[in-house]
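Structure, as structure tokens:
The values are calculated or read from the model by the stated rules, or taken from the named source; none is laboratory data. Everything numeric here is computed off the predicted structure, so don't read it as measured data. When we count neighbours, we look across all protein chains shown, and the Cβ atoms used for this are built from the backbone with ideal geometry, even at glycine.
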Amino acid sequence: MTALTCASSTPTPSQGDCVRLEADEHLYQVIGVDDRQNRCWLRRWPLARQGSEVFEISLQHVRPERPHRP
């Protein structure tokens, strides 16, 4: 079984990257990015056993994070 990790982060997040929100210190994984609308979809990382809810947020509210090591 392969360990799940967040991909390397870049200044503009990409699918799979780990980010943090300005409002809290939790780690999130980027599920998708819409550059034209300046939005992205995130889920809490690491994943909860029953899954993690996906939510939409402005790219202005996220900051890159170094890759997560399980």
Could you say which residue among 51, 16 is modelled with pLDDT under 95, at positive phi and over 10 Å from the mean Cα position of the chain (by Cα)? 51
Scanning the range 53-62 residue by residue, those touching a residue at least 12 places away in the same chain (Cβ under 8 Å) and out of contact with any Ser or Thr (no Cβ under 9 Å at 6 or more places or on another chain) turn out to be 54, 55, 56, 57, 58, 60, 61, 62
For the range 23-44, state whether one or more residues are surrounded by fewer than 16 Cβ atoms within 10 Å (Cβ to Cβ) and modelled with pLDDT under 90. yes
